[in-house]
1. State which residue is nearest to residue 255 (Cα to Cα) when the search covers only the range 52-64 and only residues that are open to solvent by 10 Å² or more (accessible area, probe 1.4 Å) and touching a helix residue (DSSP H, G or I) at 6+ places or on another chain (Cβ under 6 Å).
2. Listed residues 73, 32; which is outside any loop (DSSP other than H, G, I, E, B) and either in contact with a Ser or Thr (Cβ under 9 Å, 6 or more places away or on another chain) or open to solvent by 20 Å² or more (accessible area, probe 1.4 Å) (or both)?
3. For the range 197-208, state whether one or more residues are part of a helix (DSSP H, G or I) and open to solvent by less than 50 Å² (accessible area, probe 1.4 Å).
4. Considering every residue within the range 96-105, establish whether at least one is open to solvent by 70 Å² or more (accessible area, probe 1.4 Å) and within 22 Å of the chain's Cα centre (by Cα).
5. Would you check which residues across the range 72-87 are closer than 21 Å to residue 61 by Cβ and either touching a Pro at 6+ places or on another chain (Cβ under 7 Å) or not acidic (Asp, Glu) (or both) and list them?
6. Within the range 249-293, which residues are of a type outside the set (D, E, K, R), under 17 Å from residue 65 (Cβ atoms) and open to solvent by less than 50 Å² (accessible area, probe 1.4 Å)?
7. What's the number of the condition residue 227 fails, among (1) within 25 Å of residue 123 (Cα to Cα); (2) in contact (Cβ under 8 Å) with a residue 24 or more places away in the chain; (3) under 20 Å from the mean Cα position of the chain (by Cα)?
Amino acid sequence: MTDAAAYEPPKIWQWDPNNGQAFSNINRPTAGAQQEKALQVGKHPLQLYSLGTPNGVKVTVMLEELLAKGHAGAEYDAWLVNIGDGSQFDSGFVSANPNSKIPALMDHSMAKPTRVFESGAILLYLAEKFGEFVPTDPSDRAECLSWLFWQMGATPLLGGGFGHFYAYAPIKIQYAIDRYAMEAKRQLDLLDKNLAERQYICGDDYTIADMAIWAWYGAVVQNKAYQAAEFLQTQTYTNLIRWVDEVGARPAVQRGQMVNRPYGHKSRQLLERHDASDFELRTQDILDPDPKPEDA
């Protein structure tokens, strides 16, 4: 083992706001609002406050899939919440999600505006509201919800565990990377074995479980998260790759990945979404075109 010098925890932990760790500018040991700023509200009953991370992508994919199914009531406004600058601690956002994490949904179609936070809860809320992408048969429903909650419980070990220590930690700790790489590969193997017998996560039908799991594990397999595909040898999980490619080819999934996305090629960035036409008219390559060589 080649770790740094052994760390002996003090009797009482103290927060060091200048610790220099990844995301130390926004992480702190207290909850609640840090500044006053009201939520923006658009024209649609469904108001989404999010960012194009895997947790945000789950919900925008779901909304785009509902619209593709013809549910006009699923029209939505999507507002960018830039967690890098601490916007998740605005008082308005905290009122929508006291946990200060994206995404948060406000449903203004109700007599009393209803807030929904935690991405899995939002997926289930929308599935039940519109009667789509969650089975009605009790056994099939139990299978779907089991996989949905598997994702919510397992992914912190992939992201906050493996992803943090492999990609973000200021020092490389072999023990931590080995521990969480083993768990990440166990999860990938689990999905691969499951998909050897099924087209989708729960069987023949595409569900909210696919949306939730694809957003995270698709990103890892495609080397879009942590740049660890080679390290984890993700190409060996052939059933998983087949599913990742199949889900990723869905038009609604491709649109959902663009919403609230402030990174990548500008043609794939739709910082705010208020109308279906925004995908054609308001991407960043149109709103903020790069200068021509002669103008540079």
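1. 57
2. 73
3. Yes, some residue in the range 197-208 is part of a helix (DSSP H, G or I) and open to solvent by less than 50 Å² (accessible area, probe 1.4 Å).
4. Yes: one or more hits.
5. 72, 73, 74, 76, 78, 79, 80, 81, 82, 83
6. Answer for the range 249-293, where residues must be of a type outside the set (D, E, K, R), under 17 Å from residue 65 (Cβ atoms) and open to solvent by less than 50 Å² (accessible area, probe 1.4 Å): 252, 253, 256, 257, 258, 259, 260, 270, 279.
7. (1)
The values are calculated or read from the model by the stated rules, or taken from the named source; none is laboratory data. What you are looking at is a predicted structure, and each value in this text was computed from that prediction instead of being measured. No Cβ is skipped: glycine too gets one built from the backbone with ideal geometry, and neighbour counts run over all protein chains shown. What goes into the accessible areas is simple: the full protein's heavy atoms, side chains included, and nothing from ligands, DNA or RNA. Shrake-Rupley method; radii C 1.70, N 1.55, O 1.52, S 1.80 Å.
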